[in-house]
Amino acid sequence: MFSNTAMQKRLQKELMQFQQEPPKGMTIDTESVSNTLTTWIVHIEGAEGSLYHGEKFQLQFRFSNRYPFDSPEVMFVGSEIPVHPHIYSNGHICLSILTDDWSPALSVQSVCLSILSMLSSCTEKKHPPDNSFYVRTCNKSPKKTKWWYHDDSV
Amino acid sequence: MHMRPDEGEGSGGPMNADEAEVRQRRPMDEEGASAEPDGATGTSTQQDGHFECNICLDTAKDAVVSRCGHLFCWPCLYQWLETRPNRQTCPVCKAGISKDNVIPLYGRGSSNQQDPREKLPPRPQGERPEPETHGPFHNFGLGDGGFQMSFGIGAFPFGFFASTFNIGNGQFGGHPPRPNVPQNPEEQFLSKVFLWVAVLFMFWLLMA
Ligand SMILES: [Zn+2]
Ligand SMILES: [Zn+2]
């Protein structure tokens, strides 16, 4: 069975690999990484040529001890939250790989890349239509939200 | 796609592979005992990165490969399939996958050629212990079988004749399973023995 130590080992590997070959515009805030590796913060810069160029965001990852079978909890934190049709102003992200379409073959790195590409493909900066209602009523953890996924076009 | 540093060495991998093959072909020249474990560990380290499980990212152990060609440790894949029993897809490519259509991989010299799917972790259900043929009175002292015998006085002779008849045929393990009381052969045997004891006791009573 996948034990706690196997989970730690996998996170250790991901951390090392991410630090050795960080994707462009991304760094791990090593100070944010707890001893148990269960919380990480990744700094992400908006890609060149996208609407978010020049902006910097922080993505927070939290791992349960069922990781990688259970998806990490991923959300934007800090003062800068991207204005995007699939990102709520409290940092929650509507992205299917974070819940229903999660797979243990995904990683912190691949999730970061997906989120960056979601930002890069955005054509109009606006909040989700239900933003104010959602932000008022949702749970603190985006993993508690029963998302239904609209179009993939943005 | 990123090249891993150890892949970048180009000729390093294939050279080692050739060496391993040469060694394989002349097993007699060397001490087979030492050559074999050496080769086994060698493949796991020198090919680092190629044979990593897609779930734990470690070298796959009890390796299985899916129809779509993706490699996993069996325990890792098993746990994933258990996580999503209703939607079993390959973690890498989302192709359909199931416990029954993955292929176990056996490296050379792996001492244990058992299908990894049959050991750890055990399948959830449907397991039935093989009937074992023990000598008489084996396990007799355990007493955990619970003889499951209840016979009223009235029905006793019939049960007793039926049973003695069976014993006479010597079919200790060969009875069809009883419809509602699943018993393993040992229990059946034990209840036969018990019956015989009861019969002898009755006999002794009658004679006395
Ligand atoms: Zn594994
Ligand atoms: Zn696959």
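Calculated mean residue ellipticity, 222 nm, chain A: -7500 deg cm²/dmol, from DSSP H runs (n ≥ 4) at -39500 (n - 2.57) each, averaged per residue and rounded to 500.
Pairs of alpha carbons in chain A separated by more than 25 Å make up 27% of all such pairs.
FRET efficiency for the pair A:Glu48 and A:Lys140, taken as 1/(1 + (r/R0)^6) with r the Cβ-Cβ distance and R0 = 35 Å, rounds to 0.55. Shielding value for B:54-65 is 3, the average number of Cβ atoms from other chains within 10 Å of each residue's Cβ. The residues of chain A have, on average, 51 Å² of accessible surface per residue, using a 1.4 Å probe with all protein chains present. Summary value for the stretch A:1-115: 18 percent relative contact order, contacts being C-alpha pairs under 8 angstrom separated by 6+ residues. Note on exposure: A:Tyr134, A:Tyr67 ranked by accessible area (1.4 Å probe, complete protein assembly) read A:Tyr134, A:Tyr67, with the most exposed listed first.
Estimated from the Cβ-Cβ distance and a Förster radius of 35 angstrom, the FRET efficiency linking A:Thr123 and A:Gln19 is about 0.60. For A:Val74, the accessible surface of its heavy atoms amounts to roughly 0 Å² (probe 1.4 Å, protein chains only, rounded to the nearest 10).
Counting only alpha carbon atoms, the long axis of helix A:4-20 and the longest principal axis of chain A meet at about 60°. Helix A:108-120 and the longest principal axis of the Cα set of chain A meet at an angle near 10°.
The values are calculated or read from the model by the stated rules, or taken from the named source; none is laboratory data. Just so it is clear, the structure is predicted and the values come from calculations on it, not from any experiment. Counting neighbours? That spans all protein chains shown, and the Cβs are built from the backbone with ideal geometry, glycine included. The accessibility values were calculated without ligands, DNA or RNA, using every heavy atom of the protein model including side chains. Shrake-Rupley method; radii C 1.70, N 1.55, O 1.52, S 1.80 Å.
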